[in-house]
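Step one of this worksheet: look at the structure below.
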Amino acid sequence: MKKLKEILFGVNIESVYGDTNINISKITFDSRDVEGKTLFIAISGHEVDGHDFIDNSIKNGASAIVCEYLPENFEEYDIVFIRVKCSKSSLSKISSNFFNNPSINIDLIGITGTNGKTTISSLLNELFNDLDLKSGLISTINIKYEDFIKNSINTTPDPITVNYHLSQMIKKGIKVCFIEVSSHGIYQKRVEGLRFKGMIFTNLTHDHLDYHKSFNNYRDTKKVVFDFLDKKSFALINKDDRNADYMVQNTNANVYSYSLKLKSNFTCKIIEQQLDGMLLSIENSEIWTKLIGDFNASNITAIYSVGKLFNIDKIKLLTGISKLEGVDGRLQKFLSTDNVTVIIDYAHTPDAVENVISTINNIKKNNQNLITVIGCGGDRDKNKRSLMAKISSDLSSKVIFTSDNPRSENPKLIIEDMIEGVSSYNASKVTIEIERKKAIEKAKKISVNGDIVLIAGKGHENYQESNNQKVHFDDFEIAKEIFNK
């Protein structure tokens with residue numbers, strides 16, 4: 001329970017109608033969750049406008065409303081109305097205030113970029129806990145701390161969810177939290193009310209351009225979180241990405257860099273790679289890791305860099321990193337009963353697809369075929385479909401185009417968009433099978449002893465979304481069932 005005037009501290013208010021010295025026991029932006037003593041924040045969303053549900057929230061017992069524009073009949077209601085310039089910004093500040101500004105009392109480390117966010121955040125959380133540095137995780141896959149675990153809906157949750165879980169972590173004595181920071185989360189101001197101890201930039205490639213409209217808009221959205229870091233925080237950038245310096249050109253944070261190729265604060269080189277791991281040299285110390293690929297070498301260097309910035313002993317740090325397993329749906333693999341290596345990966349951008357396939361090609365033997373099963377999501381950036389199809393058909397021995405969360409689109413039309421990227425000399429490599437399970441069955445049928453099958457796009461997801469309905473579908477689970485028959 002908090003006074004409304006305390007919850008509104010620091011919010012950019014245009015006007016107030018009513019007494020703010022009232023008690024509030026709940027905040028929400030969903031009118032269906034409103035009950036007595038609730039503050040309802042009306043958000044203008046991408047598809048739904050919360051202002052259309054102000055009447056519903058009042059009927060459900062709201063004591064106060066935060067909104068950008070007032071309803072015509074607002075004076076008829078015996079409740080408090082607060083008009084603000086931006087409801088999204090207000091929600092972030094209100095959420096932080098309601099839960100006692102938890103990000104001030106925990107070391108919050110954000111990870112942003114197109115690829116690598118989930119791997120870095122998840123493995124940092126695992127590493128810190130293994131080293132008895134109590135930490136929590138807010139990631140694409142789940143929200144996790146101590147004995148609490150809950151599957152995630154969004155990469156970066158809404159501000160109420162984030163601040164609630166941060167406050168719970170503090171109650172449990174957790175000192176550090178690693179959180180993925182998506183471009184959607186930044187643009188929708190979900191992280192605006194948070195104080196970050198550090199922010200990691202991984203890379204920037206073609207993604208979410210359906211939402212941001214241009215690469216520059218996408219890049220500038222990511223940059224915002226670095227612009228607002230304070231002098232006590234750190235910014236850790238991947239020097240191998242051409243956008244790295246741009247990200248931090250206006251930041252007040254202490255800037256550090258990591259790299260596989262260039263001079264930086266923390267460096268790493270790949271000495272040897274196999275399908276079951278790779279040998280790395282990190283700051284002249286050799287370490288064996290169970291992860292593979294240049295991109296994972298970069299991810300591990302970021303993890304090592306954060307450890308050093310937290311003053312963890314180098315030997316303890318490297319030993320801890322060497323014990324880390326991969327993340328679900330990220331180059332997750334098994335060997336079938338027919339001696340076929342099956343790999344499940346979340347790669348769903350052109351760059352990620354190229355990284356994963358190139359990694360496999362660099363490791364596999366000349367007599368091994370690489371069969372790739374891949375699709376593209378519906379209601380998402382159409383421009384990347386032909387690019388992903390071109391890369392997968394160029395770099396694979398054979399490729400099967402299939403569905404990957406068609407959502408409201410016709411999966412056949414999505415595949416037609418993909419086919420446009422296939423070169424004529426690669427046409428014979430391509431098979432089309434709209435049903436994803438049948439596509440995986442087809443991959444088994446055409447694979448032989450020693451081959452590698454890559455099933456790309458969905459990774460950790462355990463559903464298939466079609467006609468705006470979700471049905472259970474887990475690539476790893478289904479592939480194991482099919483390949484081990």
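The values are calculated or read from the model by the stated rules, or taken from the named source; none is laboratory data. Given the structure is predicted, the values throughout are model-derived calculations rather than measurements. Heads up, the Cβs are rebuilt from the backbone with ideal geometry, glycines too, and the neighbour counts pull from every protein chain shown. With ligands, DNA and RNA removed, areas are computed over all heavy atoms of the protein, side chains included. Shrake-Rupley method; radii C 1.70, N 1.55, O 1.52, S 1.80 Å.
Some points to look at:
- Extended-chain gain in nm, criterion 0.36 nm per residue less alpha-carbon gap, Lys5 and Glu75: 23.2 nm
- Packing, taken as the mean count of other beta carbons within 10 Å per residue, orders the peptides 14-21, 396-403, 168-175 from highest to lowest as 396-403, 168-175, 14-21.
- Cross-link pairs exceeding 28 Å in C-alpha to C-alpha distance, out of Lys232/Lys290; Lys290/Lys364; Lys223/Lys384; Lys85/Lys144, comprise Lys232/Lys290; Lys85/Lys144.
- Summing charges over neighbours of Glu146, with a neighbour being any other residue whose Cβ is under 11 Å away from its Cβ, gives +3 when K and R count +1 and D and E count -1.
- The calculated P(r) of segment 1-123, using every Cα pair and 10 Å bins from 0, goes 13, 41, 27, 14, 5, 0 in percent.
- Karplus-derived HN-Hα couplings along segment 344-357 (A = 6.51, B = -1.76, C = 1.60, θ = phi - 60°), whole Hz, x at Gly and Pro: 10, 9, 7, 3, 9, 10, x, 5, 5, 4, 5, 4, 5, 5
- Highest average packing first - 424-432, 194-202, 102-110, Cβ atoms within 10 Å: 194-202, 102-110, 424-432
- Here the scattering of segment 211-284 is modelled by Debye summation over its C-alpha atoms, one equal scatterer each and no solvent; at q = 0.12, 0.18, 0.20, 0.21 Å⁻¹ the log10 of I(q)/I(0) is -0.46, -0.79, -0.87, -0.91.
- Residue-span extension gain [Ile13 to Asn56] - 0.36 nm each, minus C-alpha spacing: 13.2 nm
- Radius 15 Å from Cβ of Lys231, net charge of other residues (Lys, Arg +1; Asp, Glu -1): +1
- In this structure the amide hydrogen of Leu454, modeled in the peptide plane, comes within under 5 Å of the amide hydrogens of Ile343, Ile371, Thr372, Val373, none closer than 5 places in sequence on its chain.
- Ser152 - accessible surface, heavy atoms, 1.4 Å probe, Å² rounded to 10: 30
- Of all DSSP-defined beta bridges confined to the chain, some 40% are antiparallel rather than parallel.
- Rounded if a/c under 1.5, otherwise prolate or oblate - segment 80-188, Cα gyration tensor axes: oblate
- Burial ranking of peptide ranges 265-275, 216-226, 358-368 (average Cβ count within 10 Å, highest at the top): 216-226, 265-275, 358-368
- For the chain, the dipole from Cβ point charges (+1 on Lys and Arg, -1 on Asp and Glu) about the Cα centre works out to 1120 debye, to the nearest 20.
- At full extension, Asn250 and Ser428 could sit 59.0 nm farther apart than now, given 0.36 nm per residue minus the alpha carbon distance.
- The chain: radius of gyration over Cα atoms, expressed as a fraction of 2.2 N^0.38 Å: 1.04
- In terms of accessible area, using a 1.4 Å probe and ignoring ligands and nucleic acids, Asp381, Asp394, Asp338 rank largest first as Asp338, Asp394, Asp381.
- Couplings 3J(HN,Hα) of segment 267-280, computed from phi: 10, 8, 10, 8, 8, 7, 10, 9, 5, 9, x, 8, 9, 10 Hz, in residue order, whole Hz [Karplus 6.51 cos²θ - 1.76 cosθ + 1.60, θ = phi - 60°; x for Gly and Pro].
- Sequence-distant residues sharing a close amide H with Cys177 (under 5 Å, placed H): Asp107, Leu108, Ile109, Gly136
- Backbone phi angles across segment 189-194, fed through the Karplus curve with coefficients 6.51, -1.76 and 1.60 (θ = phi - 60°), yield HN-Hα couplings of 6, 6, 10, 5, x, 9 Hz in residue order; Gly and Pro are listed as x.
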